[in-house]
Amino acid sequence: MFETTIAGSLPKPAWLAEPGKLWPQWMASGAELDQAKRDATLLAIKMQEDAGLDIVGDGEQARQHFVHGFVERVEGIDFEHKVKMGIRNNRYDALVPQVTGPLRLTGRVHAMEAQLARAHTTKKLKFTLPGPMTIVDTVADRYYGDKVKLAFAFAELLNQEALALQADGVDIIQFDEPAFNVYMAEAADWGVKALERAAQGLRCTTAVHICYGYGIPANVDWKNTLGDEWRQYETVFPALAKSRIDQVSLECYHSHVPLELMALLDGKDLMVGVIDVASDEIETAEQVAQTIGRALQFVPRQRLFPCTNCGLAPMRRDVAEKKLQALAQGAALARQRFG
């Protein structure tokens, strides 16, 4: 009960990549970089295990960015001529690659990290992939000319990698779809369908992570414009409730999401965000347990998985480590209190 996990990313060591950045530059190249990525992946697993988490992941240590780490292995993507583009409905600008031709995987994308993680932990293993709609919102289309066609093209490639990850021994495959909180009507219309295409044929647990973004200034500023109630989930949750996706990850702690919206996901497991990724303040075990207690008004205890609100990638490593410890300690306290 109350199995703990993270949304996906952890801070990268300073010897691997620039600290504190969402799109960090690597500190090495070639074989040295490959080995550094392996070392950092093992360190991320150890950090989660030492903190006491129940479900662990690779911490996305081998990816420069959660989206571009996937698409850099896709033929038909031009990384040499990136363009500046507003993403997440122009919330902030990013340098993004261009889609210039038919999409095809050049081979396995995350075999190294998944197989390495599986060989070095006996805990449940979760692996994250970007969702189709979010990829579409993080590249510049110069070929397909239609967002839905492009999303389903990416969904097919994601499905290929997801099936391979399942064969690697991954227990949970999570698709990250922050774009669902930005383009709500489109998410309910075709985004969930594209997500289901990406998860087609999987027998392992499937999940989708829908957050309000990393704790970077552009996201914090955007949240400050959303008012006293954040009801973005209200549009897409009914479509997800009807989908074949098993778990949904949502932001809860220090957010203005009305908790009753969780009831729209009846029948699904909920990864409830109990750790704030936009603040360096370390949560106490009591605060985590209280958040779990509030969520229990709307989520059966056997379906509640305490989680981080989003990824921890841009955060200081020492802060992230203490937050993981608080997550585990708070869940343990909640088991005593509500079990």
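The values are calculated or read from the model by the stated rules, or taken from the named source; none is laboratory data. Note that this is a predicted model, so its numbers are computed, not measured. Cβ placement follows ideal geometry from the backbone for every residue including glycine, while neighbour counts extend to all protein chains displayed. In case anyone asks, the SASA skips ligands and DNA or RNA and just uses the protein heavy atoms, side chains included. Shrake-Rupley method; radii C 1.70, N 1.55, O 1.52, S 1.80 Å.
Assessment of region 328-335 against the conditions (modelled with pLDDT under 95 and touching a Ser or Thr at 6+ places or on another chain (Cβ under 8 Å)) yields no matching residue. If the condition is being more than 12 Å from HIS209 (Cα to Cα) and of a type in the set (A, V, I, L, M), then region 237-264 contributes ALA239, ALA241, VAL257, LEU259, LEU261, MET262, ALA263, LEU264. Filtering region 224-242 to residues that are within 23 Å of ILE172 (Cβ to Cβ) and buried (at least 17 other Cβ atoms within 10 Å of the Cβ) leaves TYR233, VAL236, PHE237, ALA239, LEU240. Can you name the residue in region 116-141 that is over 17 Å from the mean Cα position of the chain (by Cα) and modelled with pLDDT under 95 and, of all such residues, is surrounded by the most Cβ atoms within 10 Å (Cβ to Cβ)? Ranking the candidates gives VAL139 first.
Total residues in region 103-139 satisfying the condition of being closer than 29 Å to ASP54 by Cβ, in a loop (DSSP other than H, G, I, E, B) and not hydrophobic (A, V, I, L, M, F, W, C): the figure is 6. Can you tell me how many residues within region 61-87 are more than 15 Å from GLY311 (Cβ to Cβ), modelled with pLDDT of 90 or more and either aliphatic (A, V, I, L, M) or touching a helix residue (DSSP H, G or I) at 6+ places or on another chain (Cβ under 6 Å) (or both)? Result for region 61-87: 3.
Mind counting the residues in region 140-171 that are over 13 Å from THR128 (Cα atoms), part of a helix (DSSP H, G or I), in contact with a strand residue (DSSP E or B) (Cβ under 7 Å, 6 or more places away or on another chain) and not polar (S, T, N, Q)? The number of residues fulfilling the criteria is 4.
Selection over region 67-94 of residues that are out of contact with any Pro (no Cβ under 6 Å at 6 or more places or on another chain) and assigned to a loop (DSSP other than H, G, I, E, B) gives a count of 6.
Screening region 148-190 for residues that are under 25 Å from ASP58 (Cα atoms) and among the small types (Gly, Ala, Ser) and picking the one that is farthest from the chain's Cα centre (by Cα) gives ALA167. Of the residues examined, ALA218 is one that is at pLDDT below 95 and in contact with a Phe, Trp or Tyr (Cβ under 6 Å, 6 or more places away or on another chain). If you check ALA31, ALA14 for being in a helix (DSSP H, G or I) and small (Gly, Ala, Ser), only one passes: ALA31.
Hey, any hits in region 11-33 for a residue that's in contact with a Leu (Cβ under 7 Å, 6 or more places away or on another chain) and small (Gly, Ala, Ser)? Looking through region 11-33, none of the residues is in contact with a Leu (Cβ under 7 Å, 6 or more places away or on another chain) and small (Gly, Ala, Ser). What number of residues in region 142-163 are basic (Lys, Arg) and surrounded by fewer than 18 Cβ atoms within 10 Å (Cβ to Cβ)? So the answer is 2. Determine, yes or no, whether ALA331 is under 19 Å from ALA44 (Cβ atoms) and either crowded, with 16+ Cβ neighbours inside 10 Å or charged (D, E, K, R) (or both). Judged against the criteria, ALA331 is not a match.
Count, please, the residues in region 244-285 that happen to be open to solvent by 70 Å² or more (accessible area, probe 1.4 Å) and among the acidic types (Asp, Glu).
4
The residue list GLY311, GLY330, GLY293 contains one member that is of a type in the set (Gly, Ala, Ser), in contact with a Gly (Cβ under 7 Å, 6 or more places away or on another chain) and under 23 Å from LEU265 (Cβ atoms), which is GLY311.
Of all the listed residues (ASP50, ASP58), the sole one being part of a helix (DSSP H, G or I) and either open to solvent by less than 30 Å² (accessible area, probe 1.4 Å) or at pLDDT 95 or above (or both) is ASP50. Looking across region 20-47, the residues that are of a type outside the set (A, V, I, L, M, F, W, C), over 19 Å from the mean Cα position of the chain (by Cα) and open to solvent by 60 Å² or more (accessible area, probe 1.4 Å) come down to GLN25, SER29, GLU32, ASP34, GLN35, ARG38, ASP39, LYS46.
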